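The values are calculated or read from the model by the stated rules, or taken from the named source; none is laboratory data. Small disclaimer: the values here were computed from a predicted structure and weren't measured. Note: ideal-geometry Cβ built from the backbone for every residue, glycine included; neighbour counts use all protein chains shown.
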Ligand SMILES: Cc1cc2nc3c(=O)[nH]c(=O)nc-3n(C[C@H](O)[C@H](O)[C@H](O)COP(=O)(O)OP(=O)(O)OC[C@H]3O[C@@H](n4cnc5c(N)ncnc54)[C@H](O)[C@@H]3O)c2cc1C
């Protein structure tokens, strides 16, 4: 990997440690976890014992305090070997919301066990009628004295059936003047009466990752479980995604890199017309373009992560990185499969699994279209982004 | 116990190999480097000895570019690291001389190294260093224990045989792969490594004992398919074997 211009010695060491771990451990689980749609608990435990799980979470909350970029580098290396298994680094997904907006008590209670990999967190935004349009959330949280009572259905929730903590976006003020107003975030614990989850099976890809529908039937949570400010849920969710989309960009860089390596190896060894595939000009161009796109995507992802580590993620740079990296990953994985020919299609090769796994990257954490929209808003000054700082051309 | 372990930051045998323009060296740009595979086992064995007997493990590496590998050792549980900023290349005697220069300034009970390095596969540095220090050594060790002032080592011999030897301390052993299962580098280890000492030990090395005349890719050998009637094929085959000097 070339783009390490900005990496510290420590970050390089993290990347290498993650690479070694994934290279040696993932092959033991990849095929079976995918086929059986089995969450790799054993692998999670191993990764957690080595400190990979809470890399980005501050030390005072049980994490490794290494910053977002270090975490992202581990994500990239894990996804390079297998995307579904790479999702073990998303068992902290949602804890970022508590870290950004939660009270001190909430941070101390919920974050450390998640950072240590002992508990699993999930984030519940999406509903059957509210995906990209999360302001369409109908799940309600009604204030009853000292409690809120939550009712509604969430779907496509990563870790939904295995989570210990559920970070939930719900409507607290049904009559608010705008749909994006009157939303709030809560944390609900597994086992709360009325909370149920059903694992969704037969996904196209990342089948090692758990995805579930989550039901809230009169789930009572104390007021102390409100995360952040009542009515600010939408804004909090946007800030949350500005951060978490960055590691999604690294998921994309990782899987693209993995697919490229498989393609290169295959092209050097497979012969047709008495030559190696790597000797055909067409294949050579494919490899050259694939590698260039990956490097460009990696640099954008690095830029977004460095920006976040400097203080605050930039929504435009994050959207750019996530949009581009996810796009590149589709192209690269598809071209890699093309180079593998029928052997790639028949399903027993890692590239077949990558072809299924990669697809989710343009859907979750903001669809491709939503990233483009966020980019455009950034350019036009409708979002607080550096991309809005455009000079006027002298020949206008 | 004072344990030293010799490690090399060395090119992976899976790297792309390109001969440099001078025809005498490998072009380093295409090489991927890592801790030498055998040294990983040596480091693990050294750390295990310390965990059992207490004491200190010190890693020593010769090379101008070996910081990452030394930091990896520190992250795996080595206590401090010494870098000898010299480039002996494939000159095993010079590399051994550099290591010995360090060891002469330190007190040690046992020195571990990998059986060989993954680039040149010479398996020389350990043995040469032991000879220069005039201490007993054992190579290709697959089991090791230290008790009552001596090291007991099981060595791997040709043909699946084993040999058990006892060496009075201080001694040197070169470790065969598979002696243990090296631990993964943990994030906690990486953080702990930050506070550990990594110091330079400059040396003045003597004259080279090896000079490289030429490095080249071996000529590609082609397979030949012998066709024809069985009798014809057999005759051609015998002729071929004879021409290679196998049959007289
Ligand atoms: C494996 C997986 C895991 C997931 N994990 C989670 C999770 O942990 N938590 C969670 O809350 N959600 C999760 N999701 C849900 C995910 O975030 C949504 O699927 C995503 O936001 C898209 O919503 P949707 O599926 O309802 O599609 P829709 O929003 O209905 O979109 C359908 C299509 O219309 C396009 N579209 C929508 N609006 C616009 C617009 N304004 N302009 C142009 N085009 C538009 C979309 O880009 C898309 O192409 C997960 C999804 C998957 C598949």
message: Every residue in region A:146-166 that is touching a helix residue (DSSP H, G or I) at 6+ places or on another chain (Cβ under 9 Å) and more than 9 Å from the ligand (Cβ to nearest atom), please.
response: A:146, A:147, A:148, A:162, A:164, A:165
query: Which number in (1) exposed (fewer than 13 other Cβ atoms within 10 Å of the Cβ); (2) modelled with pLDDT under 95 marks the one condition that residue B:212 misses?
result: (1)
task: Could you run through region A:350-362 and say how many residues are touching a residue at least 60 places away in the same chain (Cβ under 8 Å) and either over 29 Å from residue A:335 (Cβ atoms) or more than 16 Å from the ligand (Cβ to nearest atom) (or both)?
output: 2
query: Taking only pairs six or more apart or across chains, which ones have beta-carbon atoms under 9 Å, a first residue in region A:123-139 that is more than 14 Å from chain B (Cβ to nearest Cβ) and within 15 Å of residue A:232 (Cα to Cα), and a second residue that is assigned to a loop (DSSP other than H, G, I, E, B) and within 6 Å of the ligand (Cβ to nearest atom)?
result: A:125/A:131; A:134/A:125; A:134/A:126; A:137/A:125; A:137/A:126
query: When you look at residue A:355, is it within 23 Å of the chain's Cα centre (by Cα) and not in a helix (DSSP H, G or I), yes or no?
result: no
task: Can you give me the number of residues within region B:25-55 that are more than 18 Å from residue B:121 (Cα to Cα) and part of a loop (DSSP other than H, G, I, E, B)?
output: 3
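Checking the structure you have, find out if any residue of region A:380-387 is assigned to a loop (DSSP other than H, G, I, E, B), within 16 Å of the ligand (Cβ to nearest atom) and without any contact (Cβ under 8 Å) to a residue 24 or more places away in the chain. Show your work before the answer.
First, the residues of region A:380-387 that are assigned to a loop (DSSP other than H, G, I, E, B): A:380-385.
If we keep only those that are within 16 Å of the ligand (Cβ to nearest atom) too, we end up with A:380, A:382-383.
Keeping just the survivors that are without any contact (Cβ under 8 Å) to a residue 24 or more places away in the chain gives A:380, A:382.
The answer is yes; a qualifying residue exists.
Yes/no matrix, rows are residues, columns are (1) surrounded by 24 or more Cβ atoms within 10 Å (Cβ to Cβ); (2) more than 16 Å from the ligand (Cβ to nearest atom); (3) part of a loop (DSSP other than H, G, I, E, B); (4) outside the structural domain of residue A:163 (by TED's automatic domain parsing):
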| residue | (1), (2), (3), (4) |
| --- | --- |
| A:27 | no, yes, no, yes |
| A:47 | yes, yes, no, yes |
| A:88 | yes, no, no, yes |
| A:92 | yes, no, yes, yes |
| A:135 | no, no, no, no |
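Take residue A:365 and tell me if it is within 16 Å of the ligand (Cβ to nearest atom), in a loop (DSSP other than H, G, I, E, B) and away from chain B (no Cβ under 14 Å).
Considered against the rule, which asks whether it is within 16 Å of the ligand (Cβ to nearest atom), in a loop (DSSP other than H, G, I, E, B) and away from chain B (no Cβ under 14 Å), residue A:365 comes out as yes.
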query: Considering only region A:262-302, how many residues are within 30 Å of residue A:387 (Cα to Cα) and buried (at least 20 other Cβ atoms within 10 Å of the Cβ)?
result: 8
- prompt: Could you list, in sequence order, the residues of region B:46-69 that are crowded, with 24+ Cβ neighbours inside 10 Å and within 11 Å of chain A (Cβ to nearest Cβ)?
  reply: B:69
